[in-house]
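The values are calculated or read from the model by the stated rules, or taken from the named source; none is laboratory data. Computed from a predicted structure; not experimentally measured. Because the Cβ atoms are built from the backbone with ideal geometry, glycine has one as well, and the counts that use them run over all protein chains shown. Accessible surface is based on the protein model in full, side chains and every heavy atom, while ligands, DNA and RNA are left aside. Shrake-Rupley method; radii C 1.70, N 1.55, O 1.52, S 1.80 Å.
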Amino acid sequence: MIARAPAADDLGGVDYLGPEFLTWLWWRAEVDPCFRHDDGTEVFIHFDEHLEFRGERAAARRTVLRAGMPGASMEARAALRSGKSLVAARILMARDEDEMRFTLRAENMGISGLKLPAPEGETREDRLLACLDAQDQFVEDLDLCLATFLRVRCTEAWDAELERVRAWGESPSPDERMQPALSS
Amino acid sequence: MLTLRTQSFCRYRIHGDVPSPYRDTFHERLKERRFLPLQGEEERAYGWATADNLLVTDFHLGTVLRGEYAAFSLRVDKRRVNARLLRAHFDLEVQARLKAARDDGAGAEGGGRRRVKIGRDERRELREGLRSEMLKNSTPSVDAYTILLHPKRKIVHVLTLGRAANELVRLHFRDTFEAELVPLTPWQRSQEILEADALGGTDLRPALQDLRRTDFGRVTATSAATPDRTTPDRSTEEVPS
């Protein structure tokens, strides 16, 4: 545990809050990918084809995993076990029949490559408004994930949650389970 | 033409008062800070243009309002002189002048063996002259960054992740509307979410202030002392931070 620096910038001196959120979200997507709005609308999260880790202790190096299903790889679990946290990830977010893919950069919550669902509408203006609605929905869903994280992270429940994340990190990844001979 | 199907963006909260996009004042402010083309030897020009067409700087409800959003763009034109090209032109010009000076000297009485050279001031003038000429003849690079402003929520989306572009948008927005764009970083957004929660009775903001960094790996004497290692393969890339 390292005491945080005084709030002096846009990150409030807690540049680790975003990476912690994204790392938690990765775990949560693996064990319980469903998030629910107050009105019962469900949002599903799946981590896609790009994971980028950054180390905090020892050598602060980055590990970038790109091809295939990096979330299932032994390298991803190894990065987590060694104390690295996720700083960027390609995510698939689904609500009803709509799917949106995007890359979340955790430190500043920058969104890149967001692909909105194909908009419906007869005119260009109609389709533009449909895209704006989809973008609003996307932001609401992402905020739901962050709010869910904060309601655990800022309470005493965090210690137990962290133990679950660590236990998951220490367990064999799907790739390791598929290749017991290689991992032993 | 504004399209949003694929996008990258940074989110900001407006701190301060911005006129309603339904009012003329909003459009007049944009007009005051509209894009004006590069003049003379200017290397950079920037200003607002419409989101639909970066050549149009006529702002009114029809060109700005898109649903509940005001949409416009920051156009940035830049031009620069290629340093290697400038050096090449400069060298050719210097050689030409030296040759001309030698030829003049050879024709003059008692000349021919005198060493000729170009003085520091003349070199500087020559370089500046060439640079100015090349700048005027160069074609500027043109960028336009879309801004989506939701007046009721006081939210702005800047549709680029480029740091320099975002800083320029913040600067020009402040100059235009006398209001700040505060980035909705995880810290800022978390404060807002917990502030809204506090209205419902659960105030977790003090806990947010007291957060300490989490280590998702188990800290052991060995792991704390040895560098992190992962097994590189074709899909893995170890990059020094």
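Expressed as a rounded percentage, what relative contact order does chain B have, with Cα pairs under 8 Å and six or more residues apart?
Details: 296 pairs, mean separation 62.0, N = 241.
Rounded, it is 26 percent for chain B.
With N counted as the residues of the range B:132-210, its alpha-carbon radius of gyration over 2.2 N^0.38 Å works out to 1.64. Kirkwood hydrodynamic radius computed over the range B:53-196 comes to 20.5 Å, based on all pairs of distinct alpha carbons. Counting Cβ atoms of other protein chains within 10 Å of each residue's Cβ and taking the mean over peptide A:104-112 gives 6. In the range B:1-42, the alpha-carbon atoms span a convex hull of 187 Å³ per residue.
Per DSSP H run of at least 4 residues, take -39500 (n - 2.57); add these up for the protein assembly as shown, divide by its residues and hand me the 222 nm value, nearest 500 deg cm²/dmol.
Details: 14 runs with 171 residues, N = 425.
Taking each H run of at least 4 residues, the total per residue is -12500 deg cm²/dmol.
The ellipsoid that matches the Cα gyration tensor of chain B has semi-axes, each √(5λ) in whole angstrom, of 53, 33, 16, with the longest given first.
So for the range B:17-97, averaging the separation of alpha carbon pairs under 8 Å that are six or more residues apart and normalising by length, what relative contact order in percent results?
Relative contact order, the range B:17-97: 26 percent.
Using the heavy atoms of the protein chains alone and a 1.4 angstrom probe, what is the accessible area of the protein assembly as shown per residue in square angstrom? Write out the running numbers ahead of the final one.
Values: 22370 Å² over 425 residues.
It amounts to 53 Å² per residue over the protein assembly as shown.
Estimated translational diffusion coefficient (Stokes-Einstein, Kirkwood radius over Cα pairs, 4 °C, 1.567 mPa s) of the range A:94-184: 77 µm² per second.
Between helix B:163-177 and chain B, what is the angle of the helix's C-alpha long axis to the longest principal axis, kept within 0 to 90° and rounded to the nearest 10? Approximately 80 degrees, to the nearest ten. Extension gain for B:THR3 to B:GLN95 (0.36 nm times residue separation, less C-alpha to C-alpha distance): 27.8 nm. Placing +1 on each Lys and Arg Cβ and -1 on each Asp and Glu Cβ, with no other charges, gives the range B:60-164 a dipole about its Cα centre of roughly 460 debye.
To the nearest hundred square angstrom, how large is the accessible surface buried between A and B, total for both chains, probe 1.4 angstrom? Please report the intermediate quantities before stating the final value.
Numbers: alone 11140 and 17480 Å², together 22370 Å².
Heavy-atom accessible area buried at this interface is about 6200 Å².
Sorting A:119-130, B:57-68 by their mean Cβ neighbour count within 10 Å, with the most densely packed peptide first, gives B:57-68, A:119-130. Axis of helix B:120-137 versus longest Cα principal axis of chain B: the two differ by about 60°, to the nearest ten degrees. The mean of 1/r over all pairs of different alpha-carbon atoms in the range A:17-175, once inverted, gives a Kirkwood hydrodynamic radius of 16.6 Å.
Solvent-accessible surface of protein heavy atoms, probed at 1.4 angstrom with all chains present, puts B:VAL56, A:VAL14 in the order B:VAL56, A:VAL14, largest first.
Around A:GLY113, what is the net charge, scoring Lys/Arg as +1 and Asp/Glu as -1 over all other residues with Cβ under 9 Å from its Cβ? It would help to have the intermediate numbers written out before the result.
Numbers: positive: A:ARG90, A:ARG101, A:LYS115; negative: none.
Value of the local net charge: +3.
Which percent of the Cα-Cα distances in the protein assembly as shown go past 41 Å? Distances greater than 41 Å cover 34 percent of the Cα pairs. Placing +1 on each Lys and Arg Cβ and -1 on each Asp and Glu Cβ, with no other charges, gives the protein assembly as shown a dipole about its Cα centre of roughly 2400 debye.
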